1. Mind pulling the angle between the C-alpha long axis of helix 274-283 and the longest principal axis of the chain? Nearest 10 degrees, somewhere in 0 to 90.
2. Along the Cα→Cβ direction, 7 angstrom out, place labels at residue 421 and residue 314. What is the inter-label distance in nm?
3. Have a look at the DSSP beta bridges in the chain and tell me what percent are antiparallel, nearest 5.
4. So what does the Cα-only Debye profile of the chain read at q = 0.07, 0.08, 0.11, 0.13 Å⁻¹, as log10 I(q)/I(0), no solvent term?
5. How tilted is helix 290-304 with respect to the longest principal axis of the chain? Cα atoms for both, answer in degrees (0 to 90, nearest 10).
6. I'd like the FRET efficiency for residue 472 and residue 222, computed as 1/(1 + (r/R0)^6) with the beta carbon distance as r and R0 of 41 Å, rounded to 0.05.
7. So what's the stretch 243-323 giving for Rg/Rh, alpha carbon basis, Kirkwood Rh from the mean inverse pair distance?
8. Name the residues of the stretch 435-463 whose amide N is less than 14 Å from a point 7 angstrom out from the Cα of residue 487 along the C-beta direction?
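No lab work stands behind these numbers, since they all come straight from the coordinates. These figures come from a predicted structure and were not determined experimentally. In this analysis, Cβ positions are derived from the backbone assuming ideal geometry, glycine residues included, and neighbour counts consider all displayed protein chains.
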């Protein structure tokens, strides 16, 4: 992943954009009408013909005048007609104004325009503190051109939304212009090879960039085993570096990572409530053993507090409100746990993370708006550490957070230094032992499974199925109760018996074949990392006495090697 930092000067720079006749509202060129496929991506279902953003930073707010035109190329491409414009609605920080949208068709050489009516645009809750303007373009068919324009306005100067050049469909033309009229200083953070290469060329010519354009962009590559393809998209983000005070002085906002830490730490400290924290601490039994004390606190939180499905970095409720309502967002419950652990004498630090769907953290420049949640880093007296998401504590082990929390790195909230830590899932294990006993007409089988971590999650474990080592039909005859073992392992035992069997041969097969099938890498020249959901250890032991009159025949290419490892359960 590549990043580049440039300085966006505070002085007003007025750009006279070249207006292309092909991109005037409702005016379609012959080339757009006749376009049947994208030359560099012939299987594309739709294509962005043109999009532009005119971003103006004024004294009271910033606003981006956005225009986009898309052509539908296939039946599947008609899905692009269902549209969502998502915006941050909390405290009316952001709004969408002057929204217009329409469908353009050509029948017998005649242009037909069908506008989206205002009554068909719905303002709906989306997720957390976001809402969406939802609508559907009418009368869309293969060959239709849909276009929309709107103003995105935000009154919060500390956050300025960037621009994405690359999408899930190819893009022929995408541009962003920035006009800074207020005494503020933003740093553009560039992501992607194309935009960085272009900006480097402009820098060589000593041109200060307030306008970026990319053309002929393929759709975002979406290979398997990648957390988020958007990690590699062409885009620009903006971070407020500082501003000129009315007294003439320059005020630094964010220059170093310690500035990010300072801002967050100040917010979190302001939420501290000694009385509430102490009250909760008294409800949790005191334990002399450190690990038992942590376990007691986490069990109390799992029982008494519930996630309200809101994900955020900065809490909105006070600690008292969370305690009284018994529910809160990811940041609210984790902040409450943080202060309760400190009250109980446990060393806890807050960690800022970016969830997998929110793109990977970039560290080239301190960028405020890339974090999506906070978690707890607990450090034991012996130096061992583990990560906890108090909003979603798993039954099979509190240290196993939801997988989407694991996105490589996180930033520890520490005002003294920039402390990035690894945020990776702990090891999950699956051990299977199958034994077979042949009688005169039937086969008896015993299956013992030992699982830990994500293999105990019913939703996740279905992605890693196994098959019987002996490919014949068995009926279950008995099942023993599950046993809880050390280190949060769960053991299960089942007995099986086959129907009447009298074949001349039996074939033993690898029980892991169904699990291994998805791991089929077909990329000839993969240039992106391989990211698995979680680290796993799987061990299979199959045992059987050779029936009388039978012999073992091994495949010619069979190769076996076994060495006892530290994770083996015998």
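1. It is inclined by approximately 20 degrees.
2. Result for the modelled spin labels: 2.4 nm.
3. Details: 118 of 137 bridges.
Expressed as a percentage, antiparallel bridges in the chain total about 85.
4. -0.59, -0.74, -1.15, -1.35
5. Once rounded, the angle reads 70 degrees.
6. On the way: r = 40 Å, r/R0 = 0.98.
FRET efficiency, residue 472 to residue 222: 0.55.
7. Numbers: Rg = 18.6 Å, Rh = 16.2 Å.
That ratio is 1.15, to two decimals.
8. 450-454
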